[in-house]
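Following: one structure in structure tokens, then a few remarks.
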Amino acid sequence: MENFTATLLSQLAEDLKRIAVISENKLQQAERSFKAADKAISTLKTFIANYTFKNSEEEIRFFKEIKPEFQKELFYNEEVLFIESNCPLGSSKAKKVFIERTLNRIEAYFEKHSYLYNYCRSGETSLDTTFFVRSPKPIPLTPVSYSDIDPEFSNPHSYKVAKLKAFEQLRQYLFGIQQNHVTAESITDDSLREGKHKLVFTGPPAALEEVLFAMNEKGWFNFGNVPASRLFHAFESLLDIKLANPSRALIGMAIRKKGYTPHIDKMRDALIERIEQKNE
């Protein structure tokens with residue numbers, strides 16, 4: 001079991017890295033990552049259906065440590081997909097309220113399952129045979145129904161551990177959004193911040209990444225003495241947008257099959273067409 005699950009988890013990690021590189025935005029990345037995690041869990045389920053645990057220790061390890069590593073990716077990307085699909089884009093206040101409500105929902109889940117969370121964090125093992133086996137006993141005063149789960153593959157406490165892990169990761173993701181939001185609000189350019197209409201970048205983030213790389217390579221920012229990471233961060237703050245990690249963005253451009261700079265090519269074509277129309 002150890003070799004199979006380790007290989008499967010490693011493959012999932014590689015798939016998630018590849019998806020992060022080739023995806024044009026967080027919404028697309030979350031959707032693709034969710035599908036990759038779901039596929040890995042299906043493969044894991046098929047394996048376990050034909051596998052007999054050697055002993056209770058192996059069964060506990062599977063439900064307490066192994067399966068949550070797969071399932072947390074499913075939960076995390078499901079949540080990111082929801083956030084990226086529903087987070088308000090226009091009103092700064094509405095966006096702030098949305099993020100705070102989501103963080104409150106996460107904190108409420110941690111509070112509700114604080115016993116299990118602290119049990120795992122502390123490295124406690126005294127109740128493992130009660131919690132992390134097939135047909136486990138419920139935690140006192142927290143009844144769980146088993147009627148709609150597969151008793152051979154599912155465990156309610158394992159499910160909660162996975163969700164707690166996912167929410168830990170999601171909390172950091174939301175803190176990042178909050179930080180970018182605060183940074184954007186600190187911009188003092190009245191023409192952008194206090195104009196009748198706020199300047200909003202409505203194109204795909206990948207297009208802006210291409211343009212920033214191209215201008216930086218030409219030395220058009222500080223004579224080319226600006227790290228790509230600093231440049232990306234500056235425009236994230238200016239336009240209240242989330243760009244990819246520069247290294248991943250560049251790798252993603254390098255592995256494109258239909259040309260390295262499709263967005264710049266389309267921009268050039270659009271500009272040429274506009275110029276030609278002007279000269280008619």
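Of note:
- When Ile99 is tested against the conditions (1) more than 30 Å from Gln11 (Cβ to Cβ); (2) touching a His at 6+ places or on another chain (Cβ under 8 Å); (3) modelled with pLDDT under 90, the lone failure is (3).
- Residue within the stretch 143-158 that is under 23 Å from Glu69 (Cβ atoms), modelled with pLDDT under 90, outside any helix (DSSP H, G or I) and touching an Asp or Glu at 6+ places or on another chain (Cβ under 9 Å) present: no
- Scanning the stretch 75-123 for residues that are assigned to a helix (DSSP H, G or I), in contact (Cβ under 8 Å) with a residue 60 or more places away in the chain and either closer than 27 Å to Ala36 by Cβ or open to solvent by 40 Å² or more (accessible area, probe 1.4 Å) (or both) yields Phe75, Tyr76, Glu79, Val80, Ile83, Ser92, Lys96, Ile99, Thr102, Leu103, Ile106.
- Members of the stretch 1-24 that are open to solvent by 60 Å² or more (accessible area, probe 1.4 Å) and over 21 Å from Glu65 (Cβ atoms): Lys17, Arg18, Ile22, Glu24
- Selection within the stretch 43-66 - part of a helix (DSSP H, G or I) and over 10 Å from Phe132 (Cα atoms): Thr43, Leu44, Lys45, Thr46, Phe47, Ile48, Ala49, Glu58, Ile66
- Residue in the stretch 252-263 that is modelled with pLDDT of 85 or more, within 20 Å of the chain's Cα centre (by Cα), among the polar types (S, T, N, Q) and not in a helix (DSSP H, G or I) present: no
- Thr130 vs. criteria surrounded by fewer than 18 Cβ atoms within 10 Å (Cβ to Cβ) and assigned to a helix (DSSP H, G or I): yes
- Condition check for Asp38: open to solvent by 30 Å² or more (accessible area, probe 1.4 Å), over 25 Å from His157 (Cα atoms), among the acidic types (Asp, Glu) and out of contact with any Asp or Glu (no Cβ under 8 Å at 6 or more places or on another chain): no
The values are calculated or read from the model by the stated rules, or taken from the named source; none is laboratory data. Just so it is clear, the model here is predicted, and its values are computed rather than measured. Cβ sites come from the backbone with ideal geometry, for glycine too, and all protein chains shown count toward neighbours. Protein only, heavy atoms only, side chains kept; ligands, DNA and RNA dropped before computing areas. Shrake-Rupley method; radii C 1.70, N 1.55, O 1.52, S 1.80 Å.
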